[in-house]
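The values are calculated or read from the model by the stated rules, or taken from the named source; none is laboratory data. Quick caveat, the model's predicted, so the values are computed rather than measured. Ideal geometry is used to build each Cβ from the backbone, glycine not excepted, and the neighbour counts take in all protein chains shown. Just so you know, the surface numbers come from the protein's heavy atoms only, side chains and all, with ligands and any DNA or RNA stripped out. Shrake-Rupley method; radii C 1.70, N 1.55, O 1.52, S 1.80 Å.
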There are 2 protein chains.
Amino acid sequence: MTAKDGYILERQAGHLLRRAHQRHSAIFQENIGDAQLTPLQFAALVKLRDLNEVSQNHLGRLTAMDAATMQGVIKRLASRGLIERRPDPNDRRRLILSLSVEGRDLIEALVSNGSGITAQTLAPLSPAEQKQFLDLLTKLAQLNGNGE
Amino acid sequence: MTAKDGYILERQAGHLLRRAHQRHSAIFQENIGDAQLTPLQFAALVKLRDLNEVSQNHLGRLTAMDAATMQGVIKRLASRGLIERRPDPNDRRRLILSLSVEGRDLIEALVSNGSGITAQTLAPLSPAEQKQFLDLLTKLAQLNGNGE
DNA sequence: GTTAGATTATTCGTACACAAACAAGTTTTT
DNA sequence: AAAAACTTGTTTGTGTACGAATAATCTAAC
């Protein structure tokens, strides 16, 4: 907490965001109910459940993963048999992704755990603070609003 | 944004924290003023400047990095000649870390950029909102307050 | 004072994160 | 239609993240 010129690591947005994200990841891992599933894999399954079918890159945009990251996440989900990949007949560059039966069953069984994880992550705050925090955080998560 | 049962990815704390952290990282990279320096490396240098000398594990605790991560961060900083490592005479397990002259010069020159990066990260919020956000985020970054 | 237990740093293995470069395919321009 | 520009998915390389295992050392208990 020392600082010769007022720059205190513990008060920087980036450091705090990183630590809060660490804490959330730990809560996720303890409570998701599937030891292999990671937050990104869970996000991909949830979005796929909502949309039924999407291309890989499109799913990446919806879940905020770049193409290279998405590739790895999808590969691992497919190797577990949770999702299926087939070529798009209208655009031969594209891979159309969808949930397998096992993937659908798994995500239906685990979504409620996801809600609990968010609740637990926000538990140190009062209900009013939770709402406020999510509102502010939503603004800061917007890709614009930076400074070019 | 669809959802059969109210679980909306875009409103989950973890997803928003991840995206806000992504945005911060992009702002950091554009504004830190040293193309090689990463947020973690910057944090390590800042803490080292504040404390002069610390053991590697201790520095890891102060910057919220586990021992394995810290090891890599320190290795890269040392290979750039920004920090020095010497054994602790009182405890032969320990490595005592300190800034080199170049490391000190670099961090002194870049700390103010760090403040600008936090400001820019929080720029979408009003000053009152910024204070509130940091207060709430600080509570959520505390390692306790989870639910065992 | 030795043994059991804890701590320090390292290594290994898996999973993000993302820039950069690429091949293959699609769209836009001219 | 052919060229230029863009998109999709993959690969490579570097840097977090962190669990688990290990060797060396230190500390606490007995």
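Observations
- For the chain pair A and B, the buried solvent-accessible surface (1.4 Å probe, both sides summed) amounts to about 5800 Å².
- Accessible solvent surface per residue of the protein assembly as shown, calculated while the other protein chains remain in place, 1.4 angstrom probe, Å²: 50
- A full extension of the chain between A:E129 and A:E53 corresponds to an added length of 23.7 nm, given 0.36 nm per residue minus the alpha carbon distance.
- Under the span-like rule (Cα at least 30 Å along the axis, Kyte-Doolittle mean at least -0.5), DSSP H helices of chain A: A:101-122
- Each Lys and Arg contributes +1 and each Asp and Glu -1, all at the Cβ; summed about the Cα centre of segment A:4-148, the dipole is approximately 340 debye.
- Residue mean of other protein chain beta carbons inside 10 Å, B:21-29: 5
- Distances in nm from A:K131 to the matching label points in the other copies, shortest first (labels 7 Å along Cα to Cβ): 2.3
- Computed over chain A, the per-residue total of -39500 (n - 2.57) for DSSP H runs of n ≥ 4 gives a 222 nm mean residue ellipticity of -20000 deg cm²/dmol, rounded to 500.
- Taking only protein heavy atoms and a 1.4 Å probe, the accessible area of the protein assembly as shown is 51% carbon and sulfur.
- Mean separation of Cα contacts under 8 Å, 6 or more apart, over the residue count of segment B:53-148: relative contact order %: 20
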